[in-house]
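A.B. asks: The structure's right below; bear with me while I get my questions together.
The values are calculated or read from the model by the stated rules, or taken from the named source; none is laboratory data. Just so it is clear, the model here is predicted, and its values are computed rather than measured. Every residue, glycine as well, gets a Cβ built from its backbone with ideal geometry; the counts of neighbours run over all protein chains shown.
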């Protein structure tokens, strides 16, 4: 019986050995696969973050180059002859970029007909050519508008009397409301006054206006 046990024992030992190696091999494969997955994730994340830096730098360099080119295009300096608008295009209907006041200096690039291209805040702008001057203009004098002389109306200084003429010959103005007669129809801002004889006004109880007769 012992001679049959020996092969059986050897076979059982061989099976145990194969099973242990297989388990160890699978653990090793799992560790390698996990490490590879983590490395791939890191490789995809790092370039995505750093890729933005060159793009931002390129935009900054492009903007700086554009500003330098515009400044290099300036040919001369002129001045605003009066307040003038700066447009984005040579068209009065285009966007308004800003305004120059009288005698402010303007960096001119070129002139084409009615519009002049200028350098404005690091970009191109346009102003109407007729509002530019080669030199500064003298300051506008501060003038005071003339005072209108007081309006003088030929009004009688005293209330009319019967001396030198009949009261029926002298015409006066009476208001629709009020108690005084007037020598001028516009006195006291009367509206639609009525012209009557002095005699008629007195007979109705009207007395002379102190403004018209003084």
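A.B. asks: Checking residue 135 against (1) in a loop (DSSP other than H, G, I, E, B); (2) at pLDDT below 90: exactly one of these is not met. Which one?
C.D. replies: Here residue 135 meets the rest and fails (2).
A.B. asks: Please work out if residue 165 is modelled with pLDDT of 85 or more, assigned to a loop (DSSP other than H, G, I, E, B) and exposed (fewer than 12 other Cβ atoms within 10 Å of the Cβ).
C.D. replies: Working: modelled with pLDDT of 85 or more: no; assigned to a loop (DSSP other than H, G, I, E, B): yes; exposed (fewer than 12 other Cβ atoms within 10 Å of the Cβ): yes.
Answer is no for this residue.
A.B. asks: Still on this structure, I have one more. Just checking, which of 116, 111, 197, 99 is surrounded by 10 or more Cβ atoms within 10 Å (Cβ to Cβ), outside the structural domain of residue 69 (by TED's automatic domain parsing), at pLDDT 90 or above and in contact with a strand residue (DSSP E or B) (Cβ under 8 Å, 6 or more places away or on another chain)? Break it down stepwise before answering.
C.D. replies: Working: 116 fails: outside the structural domain of residue 69 (by TED's automatic domain parsing); 111 fails: outside the structural domain of residue 69 (by TED's automatic domain parsing); 99 fails: outside the structural domain of residue 69 (by TED's automatic domain parsing).
Exactly one residue qualifies, and that residue is 197.
A.B. asks: Take residue 140 and tell me if it is under 30 Å from residue 78 (Cα atoms), in a loop (DSSP other than H, G, I, E, B) and at pLDDT below 85.
C.D. replies: Values: under 30 Å from residue 78 (Cα atoms): yes; in a loop (DSSP other than H, G, I, E, B): yes; at pLDDT below 85: yes.
Yes: the conditions hold for residue 140.
A.B. asks: Determine whether residue 126 is crowded, with 18+ Cβ neighbours inside 10 Å and either at pLDDT 90 or above or under 30 Å from residue 92 (Cα atoms) (or both). Before you say what the answer is, go through the steps one by one.
C.D. replies: On the way: crowded, with 18+ Cβ neighbours inside 10 Å: yes; either at pLDDT 90 or above or under 30 Å from residue 92 (Cα atoms) (or both): yes.
Yes; evaluated as a whole, the condition is true for this residue.
A.B. asks: Let me ask something else about it. Does the stretch 84-116 hold any residues that are over 21 Å from the mean Cα position of the chain (by Cα) and assigned to a strand (DSSP E or B), and which are they? Break it down stepwise before answering.
C.D. replies: Of the stretch 84-116, the ones over 21 Å from the mean Cα position of the chain (by Cα) are 103, 105, 107-116.
Residues satisfying the conditions are 105, 107, 108, 109, 110, 111, 112, 115, 116.
A.B. asks: Continuing with this model, one more query. Is it fair to say residue 70 is over 22 Å from the mean Cα position of the chain (by Cα), under 25 Å from residue 136 (Cβ atoms) and at pLDDT below 95?
C.D. replies: Details: over 22 Å from the mean Cα position of the chain (by Cα): yes; under 25 Å from residue 136 (Cβ atoms): yes; at pLDDT below 95: yes.
Yes: the conditions hold for residue 70.
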